[in-house]
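Each reported figure results from applying straightforward, stated rules to the coordinates on display, with no laboratory input. All figures in this text were calculated on a predicted structure; none of them were measured in a lab. Neighbour counts are summed over all protein chains in view; Cβ atoms, including those assigned to glycine, are modelled from backbone coordinates with ideal geometry.
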Protein chains: 4
Amino acid sequence: MTTEARTVEIKPQDYSYIFNPYREPIERVSPGDRVTIHTNDAFESRIQSKDDVASKALATAKFLNPQTGPLYVEGAEPGDTLAVRIESIEPTRDFAVSTLVPYFGGLTSTAVTRTLQDPLPEKTWVWKLDGDRLTNDDLGVELDWQPFMGTLAVAPDLEAISALAPGPFGGNMDVPDVCPGNTVYLPVWNEGALFYTGDCHARQGQGELCGVALEITAKVTVVFDVIKGKAIEWPRIESDDRIMVVGSAKPMEDAARIANTELILWLEGEYGFDRLDAYQLLTQAGGLYVGNMVDTTYSLVASIEKKYLSRSS
Amino acid sequence: MTTEARTVEIKPQDYSYIFNPYREPIERVSPGDRVTIHTNDAFESRIQSKDDVASKALATAKFLNPQTGPLYVEGAEPGDTLAVRIESIEPTRDFAVSTLVPYFGGLTSTAVTRTLQDPLPEKTWVWKLDGDRLTNDDLGVELDWQPFMGTLAVAPDLEAISALAPGPFGGNMDVPDVCPGNTVYLPVWNEGALFYTGDCHARQGQGELCGVALEITAKVTVVFDVIKGKAIEWPRIESDDRIMVVGSAKPMEDAARIANTELILWLEGEYGFDRLDAYQLLTQAGGLYVGNMVDTTYSLVASIEKKYLSRSS
Amino acid sequence: MTTEARTVEIKPQDYSYIFNPYREPIERVSPGDRVTIHTNDAFESRIQSKDDVASKALATAKFLNPQTGPLYVEGAEPGDTLAVRIESIEPTRDFAVSTLVPYFGGLTSTAVTRTLQDPLPEKTWVWKLDGDRLTNDDLGVELDWQPFMGTLAVAPDLEAISALAPGPFGGNMDVPDVCPGNTVYLPVWNEGALFYTGDCHARQGQGELCGVALEITAKVTVVFDVIKGKAIEWPRIESDDRIMVVGSAKPMEDAARIANTELILWLEGEYGFDRLDAYQLLTQAGGLYVGNMVDTTYSLVASIEKKYLSRSS
Amino acid sequence: MTTEARTVEIKPQDYSYIFNPYREPIERVSPGDRVTIHTNDAFESRIQSKDDVASKALATAKFLNPQTGPLYVEGAEPGDTLAVRIESIEPTRDFAVSTLVPYFGGLTSTAVTRTLQDPLPEKTWVWKLDGDRLTNDDLGVELDWQPFMGTLAVAPDLEAISALAPGPFGGNMDVPDVCPGNTVYLPVWNEGALFYTGDCHARQGQGELCGVALEITAKVTVVFDVIKGKAIEWPRIESDDRIMVVGSAKPMEDAARIANTELILWLEGEYGFDRLDAYQLLTQAGGLYVGNMVDTTYSLVASIEKKYLSRSS
């Protein structure tokens, strides 16, 4: 799209805690540029050791999940789709952290699923990152490095929404498929799309159960493309072998309904399936996993393998 | 467990439409016996061609999802766990069917998620089964044979519950991991456990989106074991490389909470993890997919790979 | 309906813990008979003082919520509606009890909304009942006597379901409008309808928040009627000034959808409203309160005042 | 609080479609001032006759639910509580409208509870307002004038949120108790509180079933007070005889949990009840109704009559 793609590196001066259509872009980039973005972790690096429990380490943090952005992508206009090809995620420190935050997570009562019970005990885990190995002494377990961006968004239409929220704009989806090698597609509501990212994870299970993945500081490299005149309603992801849609809602079944309906519309619109046939195909061959069950809304990922989309007729 | 394991084949005279602790066992089997059980499909074979739409073909069916059972497993007593090793599933016809049932499925309003809208159009798909290939002309897609039992249960404690329901007793979970090679563990509340199965599927996507998988008649071969004095609360599944728990509830997040909590208790009880460390491990490495989003409650499967359970310390 | 209405008093020999279509009727009664039924409380009178905390007092109780029944109502056949006019509820002791049951209630995690948190502390409240005054020393508050039956059911179709469950069959709805002066309508699936009741409450707030109302032993007097050939799908209630439908489901919005849809169908079927006009009327004038937010499913009550049903045209 | 209370009348030049902490105040008022605010209806008066169906009349409306505001209330600072006493609501036209909006409402699939079904038919109702009587010819029903403000908010902390959303900031709660004679308490996150209101209703049933109440243009008169140094978490309402809390969340049970927990904390903090005793009191005497089951989150109202709060001890 551009004749001379640049290499751009972005080190933010400060962060945004909302996906904000009104914030001044920190950089203007063009489709095709290789853009490397430095990101802080979800706690803005306040947790560094297992002694840093959340209730103390985060006591002075008015807001969490700092985002780098927005980036203004040249040529993106309302009604377009922004394609974000994720090239790489490199850690910028040699450890990842996770912690239990009082009244936050999948297996505790929360600020909205409220009960009168006491919170869970607090505990912090620091995982050493050595090459592609993650180890923690308390657990005595070794995991492999499978990095992704927990948060990746465009600015919403009119609203300025907390960076803790997932939604049609992407946001804090905490979906492991937002990873190197994959392309994420987002709706565009503002001139320049206004892209934000942050909250990189060294890895995470499906559901992000305790609410805090293996949080890292990182630099991520992406290449943008703008698909003119094509409007989508929810984030789409494409990998080598699958196409996916992320739906975010509560209760969780609504997220599943959104993700699958949008995937059916994708199969209908771009792969030539009759709508009910697409419904049938997903029934027999679709994937459906939980990205997060801990954020302001839950994110579910509906998918279908590309090999099932080559039709014989 | 028995000195002389038998081979038993069970062709039912009639079916049960409830998981019933009061129904007379149709067979008594022993742990170690190879038990082959013939099963009808969820529609009791009323749908055979694409012209058999549900509203007509099922008009005379007072109840659906016929089960073969109960089988009385010698030695099983309340407070034990029944282990069901699934050896094989063989089709007993050369096609599978799926259909849209009015006001039933994941992307329609239903009898409980009620709206004033009209139902979706009706459509039936017949898939030809040839070796391990499934083909349907309308879709022009080829899928592979990945059979499992949609329904597998023990009789509940005191209650007699519809064969359409999943629950702590197993039941109509519609979870693809209830498949050959895997072992399913169920709580025992009645003498002889009182095992039921049926509703075999040639394959199914995660979520069983339209509510009807690729329904087949089949014969399944299982071997039972009884784990004396060990009580579990929800169905567990073990494959070569993973351990899993199935939670069934509404809203869907409750199914996720159940499945993950039970899996944590499993890691704590049998793998030596501290409870919060197990919570941490699932957060970073657990799996969480939707089995069904269409039945009386939703079934979610939480899992962890066995390779992460060998602790270095 | 009968030429000579009898007066019948029923003191049960034992109780049923399920709504069971297979249990032998304990009495046969006719429409028009004045039937007085003795009921135990939900804990089968195991809690009598504030020292009787649930974890101890209920330790030997395998099942809770004992029901008196079934009563066989002459002339009731599948496809009919059973009308239950509630004449009176009289206490048979001079106190009511409430208690916190671990992991049960509206503001605690539960067996299905599971978390890893500790349960709430235990506490039992005994309320003195003196005429129509209820007093408790710990609270220092006086409440008035507003009795109703927490549980009132017919046997389901085929299934035998826990007496803790509400549903289309009525059951453990915990709806304060199941009270003297009102008539409850239930679907009939079995010959004789097979009526059960129990779980009387001296009073209860909307939602039955902690899960345990002011539990009493009582004798209730009802008069049955059978409406031949009229089938309903969910419990209906009629008071002097309102008509109501009780929907029971999870998540709570599904209970609200059921109750309102059924009420619209009632307005359409019996009051001559166009379906969308009935939707409009409930939008502007309907009532919608929470009966219980603690049982196996939640019960919501949709209502409309009769004064709005007299149409000018 | 002020020595000379003023009378202020506010006719907005334009509207805000978000609860926006960044928008310039349209007026500065002081506690004690009688402030009369003109409001447009939720459709910005685009629907005036029964021929104005939503899909056409609203086709040019990019955003809905226009708000008048923000008003800067002198003396209000973050950490305070804003008290809004509602003095009166007067209609500024002689009719109210309601309509069915495609894929919006309580008994239809929606943008989040998505299905593949067609939308409901469209229909618009115009209700004539004559004194305190509302009549509609299609229904042939007469309702009485019971006006309230569907939307009443302070600007959130950091975020700018759609005027269609209810939340901790108040917002589009659609709760009939936001009516003349009552006082609404809201948290303050911004200097001046930044108050918004709009969306007046001639009346509405509990649940706002079809999603659109009897929408009117109006002028509302309120008097503000600022409670210094008192922070609350969710909107509170006080009437002559009850205190109430509004919780907004999905699924609906979470809204009920929030409202009741906050009400318990209120009883504990200001009425001297032990926390568990307050839980007990609400169990036996609390109210719990559905304000809306149609907005971005559901709003439930927990309440207790003041007569139960005068303790004998």
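Amide H neighbours of B:Ile304 under 5 Å, at least 5 residues apart or on other chains, H built in the peptide plane: list them.
For B:Ile304, whose amide H was placed from the backbone, the distant partners under 5 Å are B:Ile243, B:Gly287.
Under 15 Å from a point 7 Å along the Cα-to-Cβ line of D:Thr60: which residues of the range A:74-90 have their amide N that close?
Once the point is set 7 Å along Cα→Cβ of D:Thr60, nothing inside the range A:74-90 turns out to lie under 15 Å by backbone N.
What dipole magnitude, in Debye to the nearest 20, does the protein assembly as shown give about its Cα centre under +1 on Lys/Arg Cβ and -1 on Asp/Glu Cβ?
That gives the protein assembly as shown a dipole magnitude of about 0 debye.
Determine ³J(HN,Hα), in whole Hz, for all residues of the range D:191-207 in sequence, where each value follows from phi through the Karplus function 6.51 cos²θ - 1.76 cosθ + 1.60 and θ = phi - 60°; x replaces Gly and Pro.
Coupling constants for the range D:191-207: 4, x, 6, 6, 8, 10, 8, x, 6, 6, 10, 5, 4, 6, x, 5, x Hz.
Any idea how far the Cα center of the range C:210-259 sits from the one of the range D:29-51, in Å?
Comparing the Cα centres of the range C:210-259 and the range D:29-51, I get a distance of 40 Å.
Run through the other copies and list how far each one's label point is from that of C:Gly181, in nm with one decimal, shortest first; the point sits 7 Å from Cα along Cα-Cβ.
Shortest to longest, the spacings are 2.1, 6.7, 7.0 nm.
As a quick test, which of the pairs C:Lys250/D:Lys250; A:Lys250/C:Lys250; D:Lys56/D:Lys123; C:Lys123/D:Lys307; D:Lys50/D:Lys123; D:Lys11/D:Lys228 have an alpha carbon distance above 18 angstrom in this structure?
C:Lys123/D:Lys307; D:Lys11/D:Lys228
Residue separation times 0.36 nm, minus the C-alpha to C-alpha distance between C:Thr183 and C:Asp118: what's the value?
That works out to 19.2 nm of additional length.
Hey, which aspartates and glutamates would be in cross-link range of D:Lys230, C-alpha to C-alpha under 20 Å, not counting anything within fewer than 8 residues on its own chain?
Straight-line reach from D:Lys230, under 20 Å: D:Glu74, D:Glu77, D:Asp80, D:Asp157, D:Glu191, D:Glu238, D:Glu262, D:Glu268, D:Glu270.
How far apart are the A:Ser45 label points across copies, placing each 7 Å from Cα toward Cβ, in nm, shortest first?
The projected label point of A:Ser45 is separated from its counterparts by 5.6, 7.1, 7.1 nm.
For a quick check: sort A:Asp132, A:Asp240 by the number of other beta carbons within 10 angstrom, fewest at the front.
Lowest to highest Cβ neighbour count: A:Asp240, A:Asp132.
What are the ³J(HN,Hα) values, in whole Hz, obtained from phi via the Karplus relation 6.51 cos²θ - 1.76 cosθ + 1.60 with θ = phi - 60°, for each residue of the range C:274-284 in sequence order, with x given for Gly and Pro?
Along the range C:274-284, the couplings run 4, 4, 6, 5, 5, 4, 5, 4, 5, 4, 9 Hz.
Along Cα→Cβ at 7 Å, what distances in nm separate the B:Lys307 label point from those on the other copies, shortest first?
Those separations, rounded to one decimal, come out as 2.0, 7.0, 7.2 nm.
For the range C:7-233, just say rounded, prolate or oblate: build the C-alpha gyration tensor, square-root its eigenvalues into a ≥ b ≥ c, call rounded for a/c under 1.5, and beyond that prolate if a/b exceeds b/c, oblate if not.
prolate
Can you put A:Met244, C:Met244 in order of Cβ neighbours within 10 angstrom, beginning with the fewest?
C:Met244, A:Met244
Where Lys and Arg each count +1 and Asp and Glu each count -1, what net charge lies around B:Ala231 among other residues with Cβ under 14 Å from its Cβ?
-3
Under 10 Å, Cα contacts only: if you run a Gaussian network model on chain D, which one of D:Asn136, D:Asn190, D:Asn292 comes out with the highest mean-square fluctuation?
D:Asn136
Less than 12 Å from a label point 7 Å out along the Cα-to-Cβ axis of B:Val8: which backbone N atoms in the range B:217-237 qualify, by residue?
B:222-225
Please find the FRET efficiency linking B:Gln48 to A:Arg275, where r is the Cβ-Cβ separation and R0 is fixed at 22 Å, and quote it to the nearest 0.05.
The pair B:Gln48/A:Arg275 has a calculated efficiency of 0.30.
Using only the Cα atoms of the protein assembly as shown, build the gyration tensor, take square roots of its eigenvalues as a ≥ b ≥ c, and label the shape rounded, prolate or oblate: rounded if a/c is under 1.5, else prolate if a/b is larger than b/c, else oblate.
rounded
Sort C:Thr135, D:Thr151 so that the residue with the fewest other Cβ atoms within 10 Å of its own Cβ comes first and the one with the most comes last.
C:Thr135, D:Thr151
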